[in-house]
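Report on one structure; see the data block that follows.
The values are calculated or read from the model by the stated rules, or taken from the named source; none is laboratory data. If you're wondering where the values come from, they're calculated on a predicted model, not measured in any experiment. As a convention, Cβ positions derive from the backbone with ideal geometry for all residues, glycine included, and neighbour counts pool all protein chains shown. Accessible surface is based on the protein model in full, side chains and every heavy atom, while ligands, DNA and RNA are left aside. Shrake-Rupley method; radii C 1.70, N 1.55, O 1.52, S 1.80 Å.
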Amino acid sequence: MPRNKLQKTQREEIMSKQGWPLYEVFIRARAGLSHRHVGSIHAADKTMALDHARDLYTRRNEGISIWVVKSADIIASDPIDSDALFGPAADKIYRHPTFYKIPDDVENI
Amino acid sequence: MYTQGLDQKQKKSVADPGDSPERLAAFQARIDADEKIEPKDWMPSAYRKTLIRQMSQHAHSEIVGMLPEGNWISRAPTLRRKAILLAKVQDEAGHGLYIYGGTETLGVSRDDLVADLLSGKAKYSSIFNYPTVTWADVGAIGWLVDGAAIMNQIPLCRCSYGPYSRAMIRVCKEESFHQRQGYEIMLELCRGTDEQKRMAQDALNRWWWPSLMMFGPSDKTSEHSAQSMAWKIKRFSNDELRQKYVDATVPQADYLGLRMPDEKLVFDEKTGHYEFGEIDWQEFFEVLKGNGKCNRERLEARNRAHDEGRWVREAARAYAEKQAAKDAA
């Protein structure tokens, strides 16, 4: 893609919004836990997004690490597809350990 | 409460063509089964609209709510009190942002919501249109206004809309300190000199009735309660919450040695509840309409802050744009 065209797209993305783009915020509460979605934040750029996320979501020691991701960059499944996506798992009960009958006498299994 | 404007009459909404009886029934079944509704789920257009109005009014109230207390940050009597008040007002800004964030999941932009606040189109809670004339008002606000807010927000933690419910859980966790710091201010004043105690009583006299109005019109005249209850956006009626609040708060005033400014206030042994006098609904509707003591001042302050911050927002955007162009190069 020609450079000026790419610039124009990014410029449009930023300027088309009345304000600043939206970011989703993920916080790791403490070492050993995954980052967890806590909400969103508006910011002009990624540095400001981190600063704002820190001010808004960690005023009471809620975390030791922050991720911010542009909301527009998140690819999400649609609830309309839920049956097709998640329905098939329901009838595969053989994926669960309780499906198998093992005599009580057999230990450590 | 922070969304009293909801209880006002509005034009009947036309049912969305997508709102077929089957879909509405399936949606209600999910609500009845205590399932949470998430942003991308199908929802009736009126459910979405009600939430947008309620959540945005709530967010606006948090933002405008910074002003009465902000008035005392520079004049707090001690460094300890100043640090506490700063933290509390910062929390209110945070609460506004959590709720704006939740509202945006319904397909509206925060900029549009803020524009409605600044133009005077959107409503916010009547309580923030009263002035804070003495330091005791800061105590009374924390104790009474935040106390009323907690009473309203705890049931909202179980609201059927996931993002609103999650925002309320965060807010409630933080709000408890707000009420306690206010009560502590009142305690200190009531244990102080006669003049300090008079100041506390005067603040109570002025804030008690407006804090009862925070719960919105009486159930007899409230417009939106039944549908919001069926959708589990609202869990208790205005009058139920108001009664709970009176029952919880009167003994706290007794402990302070202060008198509620209500001649008719009496404990009913049979029901176990306090009976209280008639609220001046005329005053309530006037404040809601924009004729309270500080309505104009509050909106002017918000507009001024917005206008004076414009160059900062634009500069940040221009810088981001320049950086993005550099990265692309």
* To do: Could you please tell me which pairs satisfy a Cβ distance under 6 Å, a separation of 6+ or placement on different chains, a first residue in segment B:184-204 that is of a type in the set (Lys, Arg), and a second residue that is at pLDDT 95 or above?
  => B:Lys197/B:Cys190
* Kindly indicate the residue of segment A:19-44 that is on the phi < 0 side of the Ramachandran plot, part of a loop (DSSP other than H, G, I, E, B) and open to solvent by 30 Å² or more (accessible area, probe 1.4 Å) and also farthest from the other protein chains (Cβ to nearest Cβ) among those meeting that condition. => A:Ala31
* Scan of segment B:65-105 for residues that are β-branched (Val, Ile, Thr) and touching a residue at least 12 places away in the same chain (Cβ under 8 Å), ordered by number -> B:Ile73, B:Ile84, B:Val89, B:Ile99, B:Thr103, B:Thr105
* To do: Mind checking which helices (runs of 4 or more DSSP H) fall wholly inside segment B:223-329 and carry at least 2 residues that are more than 30 Å from B:Ala200 (Cβ to Cβ)?
  => B:225-230, B:295-308, B:310-328
* Asked: For segment B:160-188, which residues satisfy the criterion of being open to solvent by 10 Å² or more (accessible area, probe 1.4 Å), over 16 Å from the mean Cα position of the chain (by Cα) and among the aliphatic types (A, V, I, L, M)?
  -> B:Leu187
* Just a yes or no: is a residue in segment A:94-109 away from chain B (no Cβ under 12 Å), open to solvent by less than 60 Å² (accessible area, probe 1.4 Å) and part of a loop (DSSP other than H, G, I, E, B)? -> no
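The rows are residues; the columns are (1) in contact (Cβ under 8 Å) with a residue 40 or more places away in the chain; (2) within 14 Å of chain A (Cβ to nearest Cβ).
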site	(1), (2)
B:Asp219	no, no
B:Gln252	yes, no
B:Lys289	no, no
B:Cys294	yes, no
B:Leu299	yes, no
B:Glu321	no, yes
* **Only one of B:Gln243, B:Gln282, B:Gln252 that is surrounded by fewer than 13 Cβ atoms within 10 Å (Cβ to Cβ) and closer than 30 Å to B:His60 by Cα** => B:Gln282
* To do: Can you run down the residue pairs with Cβ atoms below 7 Å, 6 or more apart or on separate chains, where the first is in segment B:48-64 and in contact (Cβ under 8 Å) with a residue 24 or more places away in the chain and the partner is assigned to a helix (DSSP H, G or I) and open to solvent by 30 Å² or more (accessible area, probe 1.4 Å)?
  => B:Val64/B:Arg302
* Taking B:Gln227 as the residue in question, decide whether it is of a type outside the set (D, E, K, R), surrounded by fewer than 21 Cβ atoms within 10 Å (Cβ to Cβ) and out of contact with any His (no Cβ under 7 Å at 6 or more places or on another chain). => yes
* Extreme residue, nearest to B:Val64 (Cα to Cα), among residues of segment B:301-317 that are surrounded by 13 or more Cβ atoms within 10 Å (Cβ to Cβ) and within 14 Å of chain A (Cβ to nearest Cβ) -> B:His306
* Where residues in segment B:89-109 are surrounded by 22 or more Cβ atoms within 10 Å (Cβ to Cβ) and more than 14 Å from the chain's Cα centre (by Cα), which of them is nearest to the other protein chains (Cβ to nearest Cβ)? -> B:Gly101
* Restricting attention to segment A:49-79, and to residues there that are within 11 Å of another protein chain (Cβ to nearest Cβ) and open to solvent by less than 40 Å² (accessible area, probe 1.4 Å), which single residue is nearest to A:Arg30 (Cα to Cα)? -> A:Thr58
* Asked: Among (1) over 16 Å from the mean Cα position of the chain (by Cα); (2) more than 13 Å from chain A (Cβ to nearest Cβ); (3) in a helix (DSSP H, G or I), which single condition is B:Met151 missing?
  -> (1)
